[in-house]
Amino acid sequence: MILPNFNDFPRSGRIIGIDWGARRTGVAVSDDAREFVFVRPAILSGRGGESIAQQIADLARTENVVGIVVGLPLRMDGTASDTTDAVRHWATELCTYTDLPIVFIDETLTSATAQQDMGRVRVSDIKRGLDSESARVILENAIAVMARMHA
């Protein structure tokens, strides 16, 4: 189920962060206490015929998460784009594979932050790791928002 905000999102337990992409989707997972966030390998579309949504739902079960945070790409002025609509559509598809609560968080500038955090690395390493590093930033931002809400 897609929630409108973090108010009814689980306050404890492992959560998964998603940086959706048409070709490659970045993934990160928190620990139970939400003190640490760990990147997971990006999920490539078309693997074994399973949709990205199905692969994420399977991973969520394997990782024993209680909720899913999805980065929502907005324009710099906060308005929606075609990609925003694609992510919302994808999250609706994800709901057909899992009953976990799903919440969106603005992902503006997460890729730039992730790339900066990666430091000086080869272009091939950036391409391979940027999506999941972006998911890490998305998840860390969401955890910070929830901590402020419940402080």
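Each other residue within a Cβ distance under 13 Å of PHE6 adds +1 if Lys or Arg and -1 if Asp or Glu, for a net charge of +1. Scoring 87-95, 32-40, 72-80 by mean Cβ neighbours within 10 Å over their residues and listing the highest first yields 87-95, 32-40, 72-80. Amide H contacts of ARG40 (H built 1.01 Å from N, in plane; Pro and chain starts excluded): VAL27, ALA28, VAL29 sit under 5 Å, all sequence-distant by 5 or more or on other chains. Calculated FRET efficiency, LEU44 to THR108, Cβ-Cβ distance, R0 = 35 Å: about 0.90 to the nearest 0.05. Along its three principal directions, the equivalent ellipsoid of the range 1-58 from the Cα gyration tensor extends over semi-axes of 23, 14, 9 Å, largest first. Pull out a ≥ b ≥ c, the square roots of the eigenvalues of the alpha-carbon gyration tensor of the range 11-98, then state rounded if a/c is under 1.5, prolate if not and a/b is larger than b/c, and oblate in the remaining case. Cα axes put the range 11-98 in the oblate bin.
Read-outs: derived from the displayed coordinates by stated rules, not from any lab. None of the values given here were measured: they were computed from a predicted structure. When we count neighbours, we look across all protein chains shown, and the Cβ atoms used for this are built from the backbone with ideal geometry, even at glycine.
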